[in-house]
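Structure record follows, encoded as structure tokens.
The values are calculated or read from the model by the stated rules, or taken from the named source; none is laboratory data. Everything numeric in this text was worked out from a predicted model, so none of it was measured. No Cβ is skipped: glycine too gets one built from the backbone with ideal geometry, and neighbour counts run over all protein chains shown. For the accessible areas, the whole protein counts, side chains as well, though only heavy atoms, and no ligand, DNA or RNA atoms are used. Shrake-Rupley method; radii C 1.70, N 1.55, O 1.52, S 1.80 Å.
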Amino acid sequence: MTSDAQIRSTPLEDYALLSDMHTGPLVSRQGSIDWLCFPRFDSAAVFAALLGTPENGRWKLSAVDGEVVARRYLPRTFVLETTWETPTGSVVVTDFLPPGSQQADLVRRVKCVSGRVEVEHDLRIRFDYSRAKPWTRRVDLDGEGASGLLSVAGPDALLLSGPLLHPHEDQQQTTRTEEHHGASPEGHPDDYQGAVADRLTGVFALESGESADWALTWHQSHLQPPTPEDPQAALERTVEYWTQWSARVEADAEQDHSVLRSLMVLRALTNSDTGGIVAAPTTSLPEEFGGSRNWDYRYTWLRDAALTIEALIAHDFTDGALHWRNWLLRAVAGDADGIQIMYGIAGERQLPESTLDHLVGYEGSVPVRVGNDAVGQYQADVVGEVMLALAELRGAGVAEDEFSWALQKNLLRFAEQNMDRSGHGIWEMRGEPAFFVHGRAMMWAAFDQGIRAVEEHGFDGPVERWRSLRERLREEIMQHGFNEELNSFTQTYSNAEVDASLLQLPHTGFVAYDDPKMLGTVARIEDDLQDEHGLLHRYRTDTGLDGLDGDEYPFLICTFWLVEQYAFSGRIAEAATLLDQLSSYANDLGLFAEEYDPKSGRLAGNFPQAFSHLGFIRAVDAVARAKKRS
């Protein structure tokens, strides 16, 4: 028999995302929830099999002797339906997290649609990233005979409601097939008071038309267990929320549906209470299988959030953008001199990085990290990204108030104070700081947007000083960041390398898409960073500038930026062809990871990744606009 330690990692493309806009579990095609952080995206995982083995925590729900023949999200929702067929019948498993609840619930519903089917559970709860096994006991739920299983470890508790599971037989318990409404399982007497239950299992038989529901509810262990939600009412509320939110997007063509799904992913990664947008719901999914470039993305980067907001505004989702602006006001608050590149979901400033050495990592990729030391980096582009997003919000008709414009003036003061400071760049290099051309151009864009706000909207500000700083940056970039001999912008002032982030220069307004200097830069990017499959790397890792070991696969957002560049510089047919190619890298549910490995044909990096989805949205929009103009 194959041991857990010998099991290879499930391909990322086999996973589905669920979301209640507080957390984002991943469910495999085979019905195993291998990643779940309760109650927030950045909470410690209770299921961490994604980064290890099943013994590190999972909840697998499957049909005995069955195979998955179909899966889908219910239209315009994050309600996942998985259809299993067995030799004796078929069942549909419905997985979802109800949004808008004051408690954290994960609901799994099974309905037999034909014949007779047995479904089995394998539930292994491992609190604190599999560093704490729970004490599990049976509890009364409603005083009328209904029971649940309460698992507790330290500050966390999980209540499992539904037909009772029981300790696995290797814990001196026996199992037997139970009717879904059956009495206590054999070996699980009514007076069972509790045990360290490493593994809970159960097999349940369903006839055609019958269904069974299970719900896993998190709460603080010192409080009384919450009352489980009614599964049917929770399902109806979940479907209603997502369909109402997405109703403003018309989706007729196939690509329209893909854009809608990407917009919904961006919403799914937004905390509905705080407005903070996480870069991804996962940590340490590697940029190279077996490598060490493994980072925690469960935080809010100002840059990623700003670009996400631009994509949402372009599709008339200004409510979420305003929510994020309010988050930004709280996160930065009065500390304009200490603006960070990222924060916690609620604006937390301390995100200390540590490693989980007991986890073997996805495809053996270690270390597994939680927290992110890049929080202390200076990255010159961030203020420009935020100013561009806030300008888009203003252009969409959302009025500034005294606080939001004061925030922007403080951001520009921060940029001015750091005019002569080198940084680590958009890619969070861990080598020596440098003057990255992309970052300097974004500083130019920050002052440019401040000037526009004064000139076009009548706001107050030291516009003459901003004009002087803007002009200084332009002259500096053209002198130190453009190589006349190579006819190309460069990665930094001190090297002649190129960087995929240079494709963002036209987006800032610094240079036109069809400017000869930009076209020369694109040619060098194609020569130096594009692989034989047409995909772009961020930069050449062998220069040592990033201070990291190993390599990485092509980043999807970089190639989406190339599509955008092609579209707006007259290479529309090439843009459309490349976009079609990139679209095929999404999984069957329309989800993109951070990277794609063309040799293995697998998604890589944290998943699903906001950066990739917003890049896809912008690329589709660019091609559509270019075709319309041509």
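Just a few scattered comments:
- Looking at segment 1-73, the accessible area is 33 square angstrom per residue; that uses a 1.4 Å probe and ignores ligands, DNA and RNA.
- Beta bridge orientation in the chain: antiparallel %, DSSP, nearest 5: 95 percent
- Accessible surface of the chain, 1.4 Å probe, proportion on carbon and sulfur as whole %: 46 percent
- Placing unit charges on the Cβ atoms only, positive for Lys and Arg and negative for Asp and Glu, gives segment 482-630 a dipole magnitude near 800 debye about its Cα centre.
- The sum of -39500 (n - 2.57) across all DSSP H runs of n ≥ 4, divided by the residue count of the chain, sets its helix-only mean residue ellipticity at 222 nm to -10000 deg cm²/dmol.
- Highest average packing first - 367-375, 280-288, Cβ atoms within 10 Å: 280-288, 367-375
- Taking a ≥ b ≥ c as the square roots of the Cα gyration tensor eigenvalues, segment 1-104 comes out oblate, since a/c reaches at least 1.5 and a/b does not exceed b/c.
- Net dipole in debye of segment 392-535 [+1 Lys, Arg Cβ; -1 Asp, Glu Cβ; about Cα centre; nearest 20]: 520 debye
- Note on segment 474-619: dipole from Cβ charges, positive end direction compared against GLY547, ALA573, MET478; the farthest Cα belongs to ALA573.
- Spatial separation of Cα centroids for segment 515-583 and segment 442-472, in angstrom: 31 Å
- Mean separation of Cα pairs under 8 Å and 6 or more residues apart, divided by the residue count, gives the chain a relative contact order of 12 percent.
- Per residue value of the accessible surface for segment 469-573 (all protein chains in place, 1.4 Å probe), Å²: 38 Å²
- Compactness of segment 363-512 was expressed as the Cα radius of gyration divided by 2.2 N^0.38 Å, which yields 1.13.
- Given charges at Cβ of Lys, Arg, Asp, Glu: the chain dipole, positive-most of SER404, ALA434, PRO598: SER404
- Summing Cβ point charges (Lys, Arg +1; Asp, Glu -1) relative to the Cα centre of the chain gives a dipole of roughly 760 debye.
- Hits among lysines - C-alpha to C-alpha of LYS628 under 28 Å, sequence gap 8 or more where chains match: LYS517
- Whether segment 319-360 is rounded, prolate or oblate, judged on the alpha carbon gyration tensor where a/c under 1.5 counts as rounded: oblate
- Debye log10 I(q)/I(0) for segment 235-283, one point scatterer per Cα, at q = 0.17, 0.30 Å⁻¹: -0.61, -1.11
- Shape class for segment 214-350, computed from the alpha carbon gyration tensor (a ≥ b ≥ c): rounded, with a/c under 1.5.
- Computed on protein heavy atoms with a 1.4 Å probe, the accessible areas place HIS168, HIS480 in the order HIS480, HIS168, largest first.
- Cross-link partners of LYS60 among lysines, defined as those whose alpha carbon lies under 28 angstrom from its own and excluding same-chain residues fewer than eight positions apart: LYS111, LYS133.
- Per-q log10 I(q)/I(0), the chain, q = 0.06 Å⁻¹ (Debye; single scatterer per alpha-carbon; no solvent): -0.34
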